[in-house]
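Remarks on the structure that follows.
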Amino acid sequence: MRSAPLSLTIMLPALLACAPKPTATPAGGDPATATSAGMAAVQDDASQKDVVKIAAGSPDHTTLVAAVTHAQLVDVLASSGPYTVFAPTNAAFEKLPPVTVDDLLKPANLATLQSILRHHVTTSVYQVAELTDGQTLGMADGKSATISKRGADVFFGDGKIVGSIRGSNGIVHVIDAVVVPK
């Protein structure tokens, strides 16, 4: 068996590093508007949806999806996880003072928006039945959040869990409040 010439062995990794990055064309879209592809750009209608696709498919989470997209967290949340995402509904965002969401979407406030969104994610999977009163969860923003139970209701901070959907890389718990870390 003959090995590749030394110059090819040295040049191949360099050529591969210079190769164009894959791009994603929006479904039915124009290749001129294509963006750098990440995990979220993978088209797969047969497999179980990841936590991003679950939120993106919900008409009640358009504000959350817009914020996650603006905060450049889509590809992170589309990765293998596992994640538990506490997903505030549009109505939850509407409870905030009117200028809050608009202010968070300003470029100068990107880090604050990212921190708030990361506070709604933990890197483990917790079914509702596994959440206990007084339990503390370490969140992706480096802070912690407390679970509480009031009767049969389970709360993440001030957000009541009103539904849950299992995804390929975790679980999404729909909540009725945006939980701002202290």
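The table that follows gives values for the structure above.
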quantity: Residues whose placed amide H lies under 5 Å from that of residue 177, excluding near-sequence neighbours; calculated: 89, 160
quantity: Residue 154 long-range amide H proximity, modeled H, under 5 Å; calculated: 161
quantity: Cα-centred dipole magnitude for segment 48-175, charges only on beta-carbon of K, R (+1) and D, E (-1), debye, nearest 20; calculated: 140 debye
quantity: In sequence order, calculated HN-Hα J values of segment 140-153 (Karplus, 6.51, -1.76, 1.60; Hz; x Gly/Pro); calculated: 5, 8, x, 9, 10, 9, 10, 8, 9, 10, 10, x, 8, 8
quantity: Ranked 106, 182, criterion: other C-beta atoms within 10 Å, fewest first; calculated: 182, 106
quantity: Least to most buried among 175, 147 (fewest other Cβ within 10 Å first); calculated: 147, 175
quantity: In order through segment 76-83: 3J(HN,Hα) via Karplus (6.51 cos²θ - 1.76 cosθ + 1.60), integer Hz, x for Gly, Pro; calculated: 4, 6, 8, 6, 5, x, x, 10
quantity: Residue-by-residue Karplus 3J(HN,Hα) for segment 48-61, coefficients 6.51, -1.76, 1.60, Hz, glycine and proline x; calculated: 4, 6, 7, 4, 5, 5, 4, 5, 5, x, 9, x, 8, 10
quantity: Partner lysines for residue 106 [C-alpha distance under 25 Å; skip if fewer than 8 residues away on the same chain]; calculated: 53, 95, 143, 182
quantity: Dipole of segment 48-175, positive end: most advanced residue of 93, 144, 171 [Cβ charges, Cα centre]; calculated: 171
quantity: Footprinting exposure proxy for 166, 150, 118 (fewest neighbouring C-beta atoms within 10 Å first); calculated: 150, 166, 118
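Just so you know, all these numbers are worked out from the coordinates, no wet-lab data involved. As the structure is a prediction and not an experimental result, all values here were calculated from the model. No Cβ is skipped: glycine too gets one built from the backbone with ideal geometry, and neighbour counts run over all protein chains shown.
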